[in-house]
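**Q** If you scroll down you'll find the structure; I have some questions about it.
Nothing in this text is a laboratory measurement; each read-out follows from the coordinates by a stated rule. Please read these numbers as outputs of a predicted model, since none were measured by experiment. Because the Cβ atoms are built from the backbone with ideal geometry, glycine has one as well, and the counts that use them run over all protein chains shown.
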Amino acid sequence: MEDTPALHVPVDLTEDVPVADRTFARLLADRRIWPMFLFRALSLQGTHPTVMVALEQHSKSFTEPSVRAENTLAYTYRIYFGDDVAESARELREMHRPITGQDYEGRRYHAWNRDVWTWVHLTTIESLIYAIETCFGPQPGTEVEAFYQESRRLGVLFGVREQDMPTDVAGLRAYVEDGVAEKLAMSPGTRRMQRLVDEQDVIATLEPALAALPRPLPALLERLTARPVKTLMFGAFPEPVRQIWGVQWSTAREREFRAILAFMRVGSRLVPERLRMIPEARAALGV
């Protein structure tokens, strides 16, 4: 595989839709979306051997997982709530230019490899749709389709070839389902990530500020929240990925997962909308 595959990005393609007019802007502004997004994306991207070896060799996913999560969310927020989407996409492309090495089989890889680059973008979209529907219930098909078409446009800005992206949401879902069966597998990095998830305080990873709380509050919060958070995490995994990770999932655990989601929906109604929003969304939407 060549070290630096070429990416074709049309120079005249810009994103000029106001944030408030972008599909699902209000739903994506909600804080509840983002942990579910991270959990889903972890399952689909962290179980891809090439993605995982790149994470091991070039990221802080293992040494500073909270920093990695923050960086991922920061760029995603910029893409969906920023004014200069084309510039954010350019920065993200260039950030991945030096990411190259040898995979677990000794083969050369590069982050811009066509198949891998496409997989990461499309599973990001699928993970966002999953998070929205999980937190807010099924959405009108026309709006889901509009969101996907906007995200395809973003894909072109990232350098994903238009012909490599399914033309509609049904095609996206089929692409991800087929990819789960054909592309994902346990790897040394995924096994290492599995151990990290077992040992790590997931709450502190998602909310690094908690680590600054006076002891023993972080430890107490972890004891109280460890099972619910991991139930949410593994509930977001497709069943074939849970099987790869060796996660035991039962009807009772699925009911627990659904109950936690229902509790989150009810509890969030007591919180003013402005406080439910991530700061980037509040600023962009003028709330």
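**Q** Would you mind pulling out the separation of the Cα centroids of the range 43-71 and the range 119-178, in Å?
**A** Answer, in whole Å: 22.
**Q** Hey, how much of the P(r) for the range 239-281 falls beyond 16 Å, as a percent of Cα pairs?
**A** Cα-Cα pairs of the range 239-281 separated by over 16 Å account for 59 percent.
**Q** Would you mind calculating the gained length between GLU177 and ARG31 on full extension (0.36 nm times residue separation, minus the Cα-Cα distance), in nm to one decimal?
**A** My answer for the length gained is 49.9 nm.
**Q** Looking at the calculated P(r) for the chain, what percent of the C-alpha pair distances fall above 31 Å?
**A** That tail contains 27 percent of the Cα-Cα pairs.
**Q** If each residue of separation counts as 0.36 nm, what is the full-extension length gain between ARG258 and ASP164 once their alpha-carbon separation is subtracted?
**A** On the way: separation 94, 0.36 × 94 = 33.84 nm, distance 3.45 nm.
Contour length minus Cα-Cα distance gives 30.4 nm.
**Q** Further, regarding this structure: How big is D, in µm² s⁻¹, for the range 82-169 by Stokes-Einstein at 20 °C and 1.002 mPa s if Rh is the Kirkwood radius over C-alpha pairs?
**A** Values: Rh = 14.5 Å.
Roughly 148 µm²/s, to the nearest whole number.
**Q** Which residues make up the longest stretch of the chain that has no GluC sites (Glu not before Pro) in a DSSP loop with at most 12 other Cβ atoms within 10 Å? Write out the running numbers ahead of the final one.
**A** Values: sites that count: GLU2, GLU105.
No qualifying site falls inside 106-287, the longest such stretch.
**Q** Let me ask something else. Relative contact order for the chain: what is it in percent, counting Cα pairs under 8 Å that are at least 6 residues apart?
**A** 31 percent
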